[in-house]
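Report on one structure; see the data block that follows.
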Amino acid sequence: MLTETTIALVDDHRLFRSGIVSLINSFTGYKILFEAANGEELTRKLSPKFKPDIILLDINMPVMDGISTAQWLREKYPDICVIILSMFEDAEKVLTMVKMGVKGYLLKDAEPNEFEQALKKVSEGELYYPEFVTRHLVHNFNKHTEQVKLNSREIEFLKLAGTELTYKEIADQMCISARTVDGYRDQLFEKLNIKSRVGLVLYAIKNNMIEL
């Protein structure tokens with residue numbers, strides 16, 4: 001029997017939540033683990049033994065909003081994948097979320113098949129950003145990086161960082177030690193003023209090193 005991907009839904013609008021729950025229940029392979037009205041309620045419901053694979057997280061909520069919640073999740077539960085839900089095409093908030101390592105971004109009025117596609121991609125370890133997000137990111141992302149010169153090994157590492165390989169597998173492919181890979185990563189974080197692997201991938205996309 002196939003394992004179901006478990007999902008938690010965090011949004012302060014009860015009617016919207018019930019609509020999303022019905023939608024997800026109509027998909028195969030997904031199960032709603034629990035709902036929460038804000039980030040603070042989520043922090044009370046989560047535990048190491050009771051946690052979802054994916055959290056659908058609203059940005060604008062009372063008590064504890066999406067940005068604070070994503071920050072908390074990154075520190076406490078970095079293995080949980082987060083997909084942001086928003087009413088707005090907000091470039092600055094998207095960038096903030098990307099730097100926090102969120103795996104996807106969905107507009108609340110997205111088509112049902114987009115929701116399913118986002119869940120599928122993220123559950124398979126990929127990123128899901130709609131076209132408007134990619135456009136914003138490529139346009140806004142780190143405007144100070146154009147003049148940075150990278151050597152051939154750094155470029156090779158960047159391209160591999162855009163795949164599903166783990167850092168250990170990247171080390172094997174480049175025939176170097178895991179410690180050397182960590183060195184390349186940290187070097188690029190510093191050179192490009194980037195804080196996450198998602199950021200490295202976006203830099204590589206922006207500079208045509210890899211394609212979406």
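The values are calculated or read from the model by the stated rules, or taken from the named source; none is laboratory data. Keep in mind the model is a prediction, meaning the values are calculated, not measured. Heads up, the Cβs are rebuilt from the backbone with ideal geometry, glycines too, and the neighbour counts pull from every protein chain shown. The area values use the complete protein model at the heavy-atom level, side chains included, leaving out ligands, DNA and RNA. Shrake-Rupley method; radii C 1.70, N 1.55, O 1.52, S 1.80 Å.
Answer with yes or no whether residue 205 is surrounded by 14 or more Cβ atoms within 10 Å (Cβ to Cβ), out of contact with any helix residue (DSSP H, G or I) (no Cβ under 7 Å at 6 or more places or on another chain) and aliphatic (A, V, I, L, M).
Numbers: surrounded by 14 or more Cβ atoms within 10 Å (Cβ to Cβ): yes; out of contact with any helix residue (DSSP H, G or I) (no Cβ under 7 Å at 6 or more places or on another chain): no; aliphatic (A, V, I, L, M): yes.
Taking the combined requirement at face value, the residue does not satisfy it.
Are there helices (runs of 4 or more DSSP H) fully within the range 33-128 with at least 2 residues that are over 13 Å from residue 10 (Cβ atoms)? List them.
Passing ranges, in order: 66-76, 91-99, 112-123.
Does the range 25-35 contain any residue that is farther than 21 Å from residue 128 by Cα, polar (S, T, N, Q) and more than 18 Å from the chain's Cα centre (by Cα)?
No, every residue in the range 25-35 fails to be farther than 21 Å from residue 128 by Cα, polar (S, T, N, Q) and more than 18 Å from the chain's Cα centre (by Cα).
Between 95, 192, 188, 119, which is modelled with pLDDT of 90 or more and among the hydrophobic types (A, V, I, L, M, F, W, C)? If you could, list the steps in order and put the result at the bottom.
Working: 95 fails: modelled with pLDDT of 90 or more; 192 fails: modelled with pLDDT of 90 or more; 188 fails: modelled with pLDDT of 90 or more.
None of the others qualify; the one that does is 119.
Which condition number does residue 79 fail, the rest of (1) within 15 Å of the chain's Cα centre (by Cα); (2) open to solvent by 70 Å² or more (accessible area, probe 1.4 Å); (3) over 27 Å from residue 163 (Cα atoms) being met?
Residue 79 satisfies all of (1) within 15 Å of the chain's Cα centre (by Cα); (2) open to solvent by 70 Å² or more (accessible area, probe 1.4 Å); (3) over 27 Å from residue 163 (Cα atoms) except (3).
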